[in-house]
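Each remark here refers to the structure printed beneath this line.
The values are calculated or read from the model by the stated rules, or taken from the named source; none is laboratory data. Because the structure is a prediction, the values reported are computed rather than measured. A quick note on method: Cβ atoms are made from the backbone with ideal geometry, for glycine too, and the neighbour counts reach across all protein chains shown. SASA here: full protein model, heavy atoms, side chains in, ligands and nucleic acids out. Shrake-Rupley method; radii C 1.70, N 1.55, O 1.52, S 1.80 Å.
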Amino acid sequence: MKITGAKVIVCCPSRNFVTLKIETEAGIHGLGDATLNGRELAVVAFLEEYCIPALLGRDARQIEDVWHYFYRGVYWRRGAVSMAALSAIDLALWDIKGKALDTPVYNLLGGRSRDAVLVYAHATGDSLASAVESAARCAEAGYRAIRIQAAVPGLTDTYGVAKGKVPYEPAKRGLAVEERWDTARYLSFLPTLFAEARQQLGPDVHLLHDVHHRCTPIEAARLAKQLEPYHLWWLEDPVAGELQEGLRLIRQHSTTPIAIGEVFNTIYDYTTLITEQLIDFVRMPPAHGGGITHLMKVAALAGVYHVRTGFHGATDISPVGMAASLHVDVTINNFGIQEHMPHQEIVSEVFDVGYQFERGVMVLDERPGLGVEIDEEQAAKFPYRAAALPVNRLTDGTLWHW
Ligand code: KDG
Ligand code: MG
């Protein structure tokens, strides 16, 4: 089944999405998510200039070979931009295969291992009390797992906290804004937040928190240890992942489960962390980590070491990327949880999806392929708008991890 065409569709229904559409001689097309927050057009250029010309004429059925053509066959391999592009190609080819065989992609990956996919919600507040209230509202809406982020007293901006009534969106229009950060204030505040949340929400709801790479290893170890009484489902990205040895220090001091790697993009970012059992959850999603083909391998390695998955699912994962995650989630034995940060309503004017939220879980229907379609005419009504993720400085001006 020859690939006869491919194009990139960029649209901005409330936020930017990059979608790759691959067409075949059989008249079947597939979609892939190539969205890389704040770097969208770099992936578009890479796809249009280098990948699409090399895709034309290849057999869309040979997913494994195409994957290796764009990974092993490339001298300048890995990296966020290349891997987002490769992920999109891979997702589109799985979508085509599912449609060609008239079955959902999960049936091609081993079939369902569960009826539905446990997801976690985002609770946020500009104070401790409002964050806990927000978490209580999530629980009322049926969520059984809730991530809580609250403004740190004394700081004007805190990662993950919505301002006013507008839903939280990490990228802001225009050039990157600069935020200020104070780890000492954060470390004394956070245990008080989770003490209150656990007390008010009770023992059954799963609580999560994202440190967003802000701590040094020993600070993260202290935090993980202090949060132990509140039994978190996980503490996410406690340190910047490139210093993998840092995770050893956290493990030596605490039993709080650790999730890491939404910014990782290959299995090689995980091998030490998984084989030394320094983490509990893999965050890298199919949309950024080399597609379904590569994530199935990462999940298999993780499973051997009793490490589970908890894929990144922020709004910058498009509905196509979210569907790809859900097909893997529902299939693998070592699934843990899936992040669910709902897209704004207007996104459904462009994307039609085959998954839906029902009381704490995401349910996938029986549509063939990934189960997502894009309305190109609607997409054209929402042109790209530049947006960037913030940059972070300590209160004395020192540049820090965001
Ligand atoms: O693009 C960056 C966001 O996806 C990220 O800040 C969200 O950390 C995040 C999360 O856990 O959802
Ligand atoms: Mg995160």
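At a glance:
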| item | result |
| --- | --- |
| Size of electric dipole in region 1-120: Cβ of Lys, Arg +1 and of Asp, Glu -1, about Cα centre, debye, nearest 20 | 220 |
| Residue-normalised accessible area of region 108-367, given per residue in Å² at a 1.4 Å probe | 38 |
| Dipole of the chain, positive end: most advanced residue of Val347, Thr156, Val361 [Cβ charges, Cα centre] | Thr156 |
| Packing-based ranking, highest mean first, of 371-377, 230-236 given that Cβ atoms within 10 Å are counted | 230-236, 371-377 |
| Subset of Lys163/Lys381; Lys21/Lys97; Lys21/Lys99 violating a 19 Å alpha-carbon distance limit | Lys163/Lys381 |
| Sorted peptide list for 271-284, 103-116, 322-335, criterion being average Cβ within 10 angstrom, highest first | 322-335, 271-284, 103-116 |
| Considering only region 108-367, percent of DSSP beta bridges that pair antiparallel, nearest 5 | 20 |
| Which of Ala54, Thr103, Gly202, positive extreme of dipole for the chain (C-beta unit charges) | Gly202 |
| For region 108-367, size of Cβ-based charge dipole, Lys and Arg +1, Asp and Glu -1, in debye | 380 |
| In region 19-101, the chymotrypsin sites (Phe, Trp or Tyr not before Pro) that fall in loop regions by DSSP, at most 10 other Cβ within 10 Å | Tyr75, Trp76 |
| Region 337-368 residues near the modelled Gln378 label - backbone nitrogen below 12 Å, point 7 Å along Cα→Cβ | 345-354 |
| Contact order relative to length of region 3-104, as percent, for alpha carbon pairs under 8 angstrom and 6 or more apart | 33 |
